[in-house]
Amino acid sequence: MSKYFSIGLTLAIILVFGFTLFNNVLNAPTFDDYNTTLDFIRRFYFENNTFTGKVSEIFNRHNEHRILISKAAAAVYYGLFHYINFAHLILFQNLFLCGFFVLMLALAKQQKQLVSETVLIITTFLASLSFWQVTFYYWGGIQHYTVFFFSFLSLFLLNKTSERPDGNFLASVFAAVLAVLSFGNGFIVLFLGTFLLFAQKKRLLLFIWGTLSLVLLVITFLPRPEIGATAHSAFNFGWMARLLFTFLGSFIYVNPPAGVNVNIILCMVTGLAVAVCWLWLFLKGYAFKNPLLYCLLSFPVLTGIIISISRFETKAAGGIAPRYMFFTASIPLFLLLIFLDMKIIKKSHLKLIAASGVLIWGISFHNNLAALKNMNKEQIATIMKWKTNPATPLIYYREAKTYSDIMSWAVAHHVVKLPVAENYPIDKSW
């Protein structure tokens, strides 16, 4: 695989991804958008008339976490245009995916591994449709992309900080704050930043970072949010392990039309290898030799542990949910940089790895594009049905009235414009 062929493939994948994004994005609310965006706009602009009330609304929790960037982007957009265009918000959220892509290139350059093959490998895992629910729906992407972008930016800048606070340190702290306020797993960056500074023996910075982290952890977890009582099964470690290992290996899941169980087993075995490798790197001392790469790898691994504990009832299937799979897309990239640094993988191996990445990308893209289009059809068909019958559940697993009331209010106040059937040809079988 020549240099120019790799560059050509990289550009082709980026163009295909961009074309798919622009041609399949919906200007319509879906799933959590009814609560986190439309109902938020009602509370922020129509029910809160005081400055303190608006600030409180922006920073209040959604369930157990805060989603500052999600709310702020929607509020700014509505403030400018006096309605919500979800297609525009979705395109905006993908800028953070682009930012994460640039961060990965900067990291590869810092590690002296920025060659055409590594750029191609990074592209195959980040310009992927495996996590299409994050890319194409506002309620997922604006939270997942921002928390990863700001978390990794924070660690990247913290690693560049000298012995005393400087511009990099201040920017790192600011990025960490945004990560914590972006989504539930953002607090992980606080612990990883602490470990990074400890490993680098930067005592003054460690004290300052640790103090700020304690404040942010208090803000994150206290007071405890009120969550309605829900029946749960007794914790099952086996279910948790199946979810965790499947999740950690989900970057090779291609959503096959047949043989799903085989693909899940492959993910589980791969995920087990990832977990063993993560522990081995720590025991071998690599975590202290190159704390930045180890911390970056630890972020998706620790995210997987949190998800597997909180969602253990979904077992292995929970590990291949498209709304979570962006969190694991970076795992092979960090492992690649680590193994190159350790000389376990040589430059001569990159061509074969890149070819494998392109193969996974192609199969996954084909299969998930069909899943995306089917989901879009279902969402539009549901909204069209709701227009004639407001008792139609807008979210199939939720009771109809709450979300129907939100949608009715949003339409009546011109906050959202319903899709026109002529613009979305729907198979009548839907």
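The values are calculated or read from the model by the stated rules, or taken from the named source; none is laboratory data. Everything numeric here is computed off the predicted structure, so don't read it as measured data. Neighbour counts run over all protein chains shown; Cβ positions are idealised from the backbone, glycine included. For accessibility, only protein heavy atoms count, side chains too; no ligands or nucleic acids. Shrake-Rupley method; radii C 1.70, N 1.55, O 1.52, S 1.80 Å.
Here Ala287, Ala273 are screened, and the one residue that is open to solvent by less than 40 Å² (accessible area, probe 1.4 Å), within 25 Å of Leu333 (Cβ to Cβ), in contact (Cβ under 8 Å) with a residue 12 or more places away in the chain and assigned to a helix (DSSP H, G or I) is Ala287.
Checked against (1) open to solvent by 30 Å² or more (accessible area, probe 1.4 Å); (2) over 22 Å from the mean Cα position of the chain (by Cα), Phe191 passes all but a single condition, namely (2).
Of a type outside the set (Val, Ile, Thr), open to solvent by 20 Å² or more (accessible area, probe 1.4 Å) and either touching a Pro at 6+ places or on another chain (Cβ under 6 Å) or at pLDDT below 95 (or both), is that true of His349? When the stated conditions are applied, His349 passes them.
Residues of region 148-169 include none that is touching a strand residue (DSSP E or B) at 6+ places or on another chain (Cβ under 9 Å), closer than 29 Å to Ile90 by Cα and either open to solvent by 30 Å² or more (accessible area, probe 1.4 Å) or outside any helix (DSSP H, G or I) (or both). Would you mind stating whether Thr328 is within 25 Å of Asn255 (Cβ to Cβ), surrounded by 22 or more Cβ atoms within 10 Å (Cβ to Cβ) and hydroxyl-bearing (Ser, Thr, Tyr)? Criteria met by Thr328. Given the criteria surrounded by 14 or more Cβ atoms within 10 Å (Cβ to Cβ), more than 19 Å from Asp33 (Cα to Cα) and touching a residue at least 40 places away in the same chain (Cβ under 8 Å), does Leu394 qualify? It is false that Leu394 is surrounded by 14 or more Cβ atoms within 10 Å (Cβ to Cβ), more than 19 Å from Asp33 (Cα to Cα) and touching a residue at least 40 places away in the same chain (Cβ under 8 Å). Count of region 235-244 residues, restricted to those that are open to solvent by 50 Å² or more (accessible area, probe 1.4 Å) and part of a helix (DSSP H, G or I), is 3. Taken over region 73-131, the criterion of being open to solvent by 30 Å² or more (accessible area, probe 1.4 Å), within 19 Å of Phe5 (Cβ to Cβ) and not in a helix (DSSP H, G or I) is satisfied by Leu114, Val115.
Listed by first and then second residue, the pairs with beta-carbon distance under 7 Å, at least 6 apart or on different chains, first residue in region 197-226 and farther than 17 Å from Gly186 by Cβ, second surrounded by fewer than 14 Cβ atoms within 10 Å (Cβ to Cβ) and among the β-branched types (Val, Ile, Thr), form an empty list.
For region 41-51, does any single residue satisfy the condition of being part of a helix (DSSP H, G or I), polar (S, T, N, Q), out of contact with any helix residue (DSSP H, G or I) (no Cβ under 8 Å at 6 or more places or on another chain) and exposed (fewer than 13 other Cβ atoms within 10 Å of the Cβ)? Quick ask: steps written out before the conclusion?
Our first condition is that a residue be part of a helix (DSSP H, G or I); within region 41-51, this holds for 41-47, 51.
Now restrict to residues that are polar (S, T, N, Q): none.
Scanning region 41-51, I find no residue that is part of a helix (DSSP H, G or I), polar (S, T, N, Q), out of contact with any helix residue (DSSP H, G or I) (no Cβ under 8 Å at 6 or more places or on another chain) and exposed (fewer than 13 other Cβ atoms within 10 Å of the Cβ), so the answer is no.
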